[in-house]
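Single-structure report; data block below.
Rule-based calculations on the coordinates, nothing more; no lab input. Here the structure is a predicted model, which is why all the values come from computation and not from measurement. When we count neighbours, we look across all protein chains shown, and the Cβ atoms used for this are built from the backbone with ideal geometry, even at glycine.
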Amino acid sequence: MPIPEKVSDLLVKLDIAEIRSKEDLHHLELLQRATNYLAASMIFLQKNVLLERPLSKDDVKERLLGHWGTCPGINLIYAHCNYLIKKHSIPMFLVTGPGHGAPASLANLFVEGSLAKFYPQYSVNKEGLNRLIRGFSWPHGFPSHVNSEVPGQIHEGGELGYALSVSFGAIMDNPDLIVTCIVGDGEAETGPTATAWHSYKYIDPAESGAVIPILHDNGFKISEETIYGAMNDTEIATLFTGFGYQVRITSDLNDINADMATSLEWAYQEIRRIQNCARSGNPIFKPKWPMIVLRTPKGWTGPKELHGQRIEGSFRSHQVPLPHARVDDEEFHLLETWLKSYKFHELFDLSENSFRMEILETLPKEELRMGIRKETYAAYEPLDLPDCRELMIQKGDNESCMKAVGKYCSKVIEMNPKRFRIFSPDELVSNKLDATFQVTNRNFQWSPQTSNKGGRITEILSEHTCQGWMQGYTLTGRIALFPSYKHSWESSPQ
């Protein structure tokens with residue numbers, strides 16, 4: 001990559017004019033209108049979920065739980081992931097760091113029919129729609145955060161900072177898989193995320209898939225501005241270029257769907273270019289992987305202002321932007337205006353009991369839909385294991401038991417070359433497991449000594465990142481070992 005004449009040249013600039021047809025973009029907008037409505041109504045409504053009559057305060061839930069602010073951005077990304085999958089027949093799923101954006105995830109899973117595959121009571125019809133909206137954050141319904149019951153999910157998001165490392169763990173030894181990872185700009189302030197940006201330095205593109213990191217910058221946490229929201233484009237580009245990325249910022253709200261379509265298509269083509277080079281025997285040393293920074297207002301498309309205070313584009317939209325809609329006249333009328341603005345009656349055909357064909361046509365074929373990817377729920381295969389008795393230490397021998405474990409791990413690696421990895425915070429040798437280096441290498445791609453050699457051992461001092469990699473690797477069906485040790489202290493007798 002040539003040295004730029006000025007720092008702003010680090011940003012990837014692309015012509016968005018020819019990426020998608022206007023008809024395609026219009027259909028994507030319809031899908032987002034539908035999922036934005038569903039997400040908002042899940043937080044607020046218990047009855048009259050299709051607005052078939054004028055809204056009343058009794059239609060509003062007595063207790064309002066959920067997070068609205070991040071949902072429109074998630075819905076935008078989900079829609080465009082669908083479109084990219086459909087165009088290229090990509091195996092892909094989505095990891096959402098903002099796990100509190102569950103209404104958005106559930107809305108998309110409902111529209112694509114993935115919820116119904118696992119939970120027939122949420123079939124894509126009027127009754128299923130009622131159950132989803134009425135039951136959200138209510139007994140016997142889905143909770144306000146993504147949890148393990150939600151299809152297509154390997155990360156719940158509540159433990160801030162792990163979305164990115166989990167995503168990278170998932171694509172290891174999955175050469176065709178792409179994981180799109182949404183990193184919230186609040187989450188991005190955490191230590192686990194800070195080190196996880198380095199994960200690509202441990203991904204061999206000849207043997208593993210790829211992650212498309214999307215930093216969703218909407219400017220605010222629960223009640224404060226975010227660090228990344230305060231950074232300008234040049235500062236963002238400088239930081240992430242140093243981490244080893246090509247950076248494209250998507251922020252044109254006047255043409256956001258064209259801009260987002262361009263960004264994801266560019267990211268996909270860059271990934272395939274890097275992988276094709278590695279898989280044809282001509283790997284790129286220190287490849288610059290693509291990442292996207294998506295800038296949208298917090299609570300985008302929601303209420304603009306309440307009681308003289310800004311809502312959209314402020315922290316006030318993070319959770320429930322109209323917390324007293326059931327009892328406050330001004331908030332109630334704002335809620336009704338907001339929900340009607342999506343014109344959901346134009347998107348869900350009551351006579352057909354289904355979504356409009358233009359929305360359904362944006363979805364990939366069923367086996368490629370993100371909510372039913374086998375990697376997320378049905379990919380486990382047990383390891384082939386050696387007979388441990390062959391490596392037993394005989395009574396009276398002085399051999400180290402950990403040295404014996406190292407020999408055993410070596411056998412496991414030999415017998416399972418693509419289904420077993422060791423993640424360690426630089427403690428493999430000190431734990432006397434170095435026999436493993438007789439059969440494999442480390443997998444540090446930024447070192448000429450270990451790059452492009454398919455090593456089974458990944459060491460980084462961040463235990464957070466090791467844990468996240470292991471979580472993503474094991475939750476997508478494989479097995480891993482995390483050797484570490486803890487120190488103990490005893491008081492000396494006085």
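Observations on the model:
- Taking the Cα centre of the chain as origin and assigning +1 to Lys and Arg Cβ atoms and -1 to Asp and Glu Cβ atoms, the resulting dipole is close to 900 debye.
- Between residue 390 and residue 194, residue separation times 0.36 nm minus the direct Cα-Cα distance comes to 66.2 nm.
- Under 13 Å from a label point set 7 Å out along the Cα-to-Cβ vector of residue 374, the amide N atoms of region 59-94 belong to 91.
- For 433, 76, the sequence from fewest to most other C-beta atoms within 10 Å is 433, 76.
- Cα radius of gyration and Dmax for region 241-387 (Å): 22.7, 72
- Simple spin-label estimate for residue 432 and residue 176 gives 4.5 nm between the two label positions (7 Å along the Cα-to-Cβ direction from each Cα).
- For the chain, projected area of the alpha-carbon convex hull averaged over all directions, nm²: 29.8
- Note: relative contact order over the chain, using C-alpha pairs below 8 Å and six or more positions apart, is 19 percent.
- Length gained when the stretch residue 53-residue 65 is fully extended (0.36 nm per residue, less Cα-Cα span): 1.9 nm
- Kyte-Doolittle mean at least 0.0 and Cα axial length at least 24 Å: DSSP H helices in the chain: 71-88
- Estimated inter-spin distance, residue 310 and residue 121, nm [label 7 Å along Cα→Cβ]: 4.2
- Spin-label pair residue 402-residue 22: with each label point 7 Å from Cα along the Cα-Cβ axis, the two points sit 6.8 nm from one another.
- Bridge type composition, region 7-376 - antiparallel percent by DSSP, nearest 5: 20
- Per residue, the convex hull spanned by the Cα atoms of region 397-494 measures out at 149 cubic angstrom.
- By the count of other C-beta atoms within 10 Å, a proxy for reagent exposure, 469, 300, 138 are ordered fewest to most as 138, 300, 469.
- Helix-only CD estimate at 222 nm, as mean residue ellipticity for the chain, using -39500 (n - 2.57) per DSSP H run (n ≥ 4): -10000 deg cm²/dmol
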